[in-house]
Amino acid sequence: MQLLLDRIKRDGKIRKGNVLKVDSFLNHQMDIKLFSAIGEEFQRRFADEHITKILTIEASGIGIACITAQFFDVPVVFAKKQQSKNIDGGVYTSKVESFTHGRVYDIIVAKEYLAPEDRVLIIDDFLANGSALLGLSQLVLDSGATLVGAGIVIEKGFQTGGELVRGRGIRVESLAVIDSMTENSISFR
Ligand code: 5GP
């Protein structure tokens, strides 16, 4: 998706530890026109899949998931990062290791929001080592719903996540795949 590649090249900032900061358009300030183009592209790629629900993880996946959901006309469920007293009844839970913060945390979704008849598309901003995506896909598996695939805005192709997740038979569609990053250059696949 050329629009996205150009924007990453122009505004992305490379930080220590293979972290790409895209705070000016994706992770802090959000460019809604770009989000619309992203949502439309996900819809085009998964058009025939009869998606009934979009699943993401708080916080940075939520904005993209919501704009994308408008193109599918389906609800968004976001996995919460810790147990909340406000959730009644059972929850599905799994563990995710944070790439950016390096710690392990639980993610939860209330059982009432994922049902066996759902066809779920996972949306997230980044794919690095794959922990977030595998944690989310575990929630879908536990619910008995069908995992149709995952739409990722930026995949860091030089990290292990893409291979790991695709190796489990999960369809992953990434709109930008980074092959390599150095202090002042990014190359895309
Ligand atoms: P993974 O679980 O695949 O290792 O990492 C994915 C999660 O970590 C994403 O939800 C994203 O929030 C965060 N993440 C991973 N790599 C980066 C990065 O280079 N930049 C930013 N801004 N977030 C990242």
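The values are calculated or read from the model by the stated rules, or taken from the named source; none is laboratory data. Keep in mind that what you see is a predicted model, and the values were worked out from it rather than measured. Glycine also receives a Cβ, built like all others from the backbone with ideal geometry; neighbour counts cover every protein chain displayed. The area values use the complete protein model at the heavy-atom level, side chains included, leaving out ligands, DNA and RNA. Shrake-Rupley method; radii C 1.70, N 1.55, O 1.52, S 1.80 Å.
Of all DSSP bridge pairs formed entirely within segment 55-160, close to 40 percent run antiparallel. Dimensions of the chain based on its C-alpha atoms, expressed as ranges along the principal axes with the largest first, amount to 49, 36, 32 Å. Please work out the FRET efficiency for the pair SER180 and THR146, using the Cβ-Cβ distance as r and a Förster radius of 35 Å; give the result to the nearest 0.05. Here the calculated transfer efficiency is 0.50. Across GLN29, GLN70, GLN159, mean-square fluctuation computed from a Gaussian network of the chain (C-alpha pairs under 10 Å connected) peaks at GLN29.
Largest first, the residues MET181, MET1 sort by 1.4 Å accessible area into MET1, MET181.
Determine the share of the chain's accessible area contributed by carbon and sulfur atoms, expressed in whole percent, with a 1.4 angstrom probe. Heavy-atom surface of the chain belonging to carbon and sulfur, 1.4 Å probe: 47 percent. If a paramagnetic tag sat 7 Å from the Cα of LYS81 along the Cα-Cβ line, which residues of segment 153-179 would have the backbone N under 19 Å from that point? The answer is 153-154.
Ligands, DNA and RNA excluded, the heavy atoms of VAL104 present near 90 Å² of accessible surface to a 1.4 Å solvent probe.
Rounded to the nearest 10 degrees, the angle from helix 131-143 to the longest Cα principal axis of the chain is 20 degrees. Once C-alpha pairs closer than 8 Å and six or more residues apart are averaged by separation and normalised to the residue number of the chain, the relative contact order reads 18 percent.
Seen against the Cα atoms of the chain and their longest principal axis, helix 32-45 is set at about 70 degrees.
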